[in-house]
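Peer 1: Handing you a structure now.
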Amino acid sequence: MFTKEGIPFFTIIMPFLFVIFISFFSTSYYLKLSDENFYEDLTQYKEIYKNQNKTKQEIKRITNDLINKHKNRQKRFKNFMMLLTQIVVITIAIFSFLMVSIINDLVKKYKMQVLNKEQKLEKLNSTLAQKVNFGIEEAKRKDKTILEQSRLARMGTMLSMIAHQWRQPLTQLSVILMELEVATRLKKVNDKHILDSVEKSDKMIEFMSNTIDDFRNFYKPNKKKEHFYVMDACNKAINLINATLKHNSTKLNIENKNDKLIYGYASEYSQVILNLLSNASDILIERKIKNAKIDLIIESTNDSSIVTIKDNAGGIKEDNLDLVFDPYYTTKDSSKGTGLGLYISKLIIEKNMHGHLEVSNSSEGAVFKISIMDEKNG
C-alpha cells in the first residue's frame, strides 16, 4: 500500500504501532510484577498480624486498605502510561507529518527532474532523424567536394605531364620547319626533302596524338575488376610521367624481382602508382636534391604482391607520418597540391582493393609500400 505520492504506507503507521505495542507491553509487565510482589508482601503481612494477636476483622480491614491502595497506585500508573503514550504518539505524528512533507517535496522534485529529462529526450528524439539526415547530406557534399577537387588536381597533373611529353616532339617539329624555311630561302628545297619533312612531322604529330589517347584512357573510369600484372599497371603510370622525370633530371630505377598476377581495378591501381611517383618527383624538385632518384621495386610473396616506391629526398618528419593520408593535409603550396592525392590513393588500395598502403622513412627518404592480397575467387 502506498500514499498518493508513492510513499509506502507502513513507513508512516509502523512508528505508531511500535510505540503502542511497547506501551502496552511495559504496562502489562509492570502490573504483573507489582501484583506478584504485592500479594507476596500481603501474605507476609497477614502472618505478622497474626503473630501480633490481631483479630481476623482487623487483619481483614488492614488487608482491604492495602489492596485498595495498591489498586489506586496501579490506576495512577495506567493513567500515567496512557498520557505518556499519547504524548509520544502525538510527537511521532508531528514528526511523521514533517517527514512526509519533506519526502513529498523530494518526490515532487525528483518527478520534475525526470519529467524535464523525458521532455529533453523526446525533443532530442524528434530532432535526431533530422540531424542524421543533415549529417548524411553534409557528408555527401564533402565527398562530392573531395572528388571534384581530386579531379581538378588530376587535371593539373595531367596537363603538366602532357606539356612535358609534348616538349620534345614540338621542338623537333620546330627544327623540321626551320630546315624547310632555310632550304626554301636558299632555293635548295626539293620533293624528297619536303616528303621527308612531312613524314617526320607526321610521326611527331602521331606521337602527340597517342599521348592524348594514353592520358584519356588512363583516367577513364573503369569499375570492372580484372586480373592484371603489377608490372603492366606500373608501366602505364611510368609512360605518363617518364618525360617529366627526365625533364627534371630525376633517375627512375625499376627493379622487377617477382611480378605477380593480381585481381582488382587496374586503372585505379595505375593511378595510385602515378600519384606516388608524382609526389616523389615534386618533393625532389622542392628540396633541390642533387642526383635525385626514385626506386620502384616489384616483389611478391606466396599470397600477396608488394610494390615499394622510395626516394632520396630526406624523408617525412616523424610528427607528420601519421597525417600524410588525412584529407587536405599537404606540405605543398596551395597552388601545387590539395592534400587529396594520398587520401584517395589509400581509399583505392584499402577500400576498393582490400590491400594496404603504408609509409615509413629510410636513411635516404620516404618509403611507400603497397600490399595487395591474392583473391583466389575474384
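The values are calculated or read from the model by the stated rules, or taken from the named source; none is laboratory data. This structure is a prediction, so every number in the text was calculated from the model and none was measured. Neighbour counts are summed over all protein chains in view; Cβ atoms, including those assigned to glycine, are modelled from backbone coordinates with ideal geometry. In case anyone asks, the SASA skips ligands and DNA or RNA and just uses the protein heavy atoms, side chains included. Shrake-Rupley method; radii C 1.70, N 1.55, O 1.52, S 1.80 Å.
Peer 1: Order of 189-200, 262-273, 233-244, 301-312 by packing, highest average Cβ count within 10 Å first?
Peer 2: 262-273, 233-244, 301-312, 189-200
Peer 1: In percent, what relative contact order does the range 279-319 have, based on Cα pairs under 8 Å that are 6 or more apart in sequence?
Peer 2: 41 percent
Peer 1: At a Förster distance of 22 Å, what's the computed FRET efficiency of residue 22 paired with residue 96, Cβ-Cβ distance as r, to 0.05?
Peer 2: Taking R0 as 22 Å, the efficiency between residue 22 and residue 96 is 0.85.
Peer 1: Per the 1.4 Å probe, what fraction of the accessible area of the range 232-322, in percent, lies on carbon and sulfur atoms?
Peer 2: 41 percent
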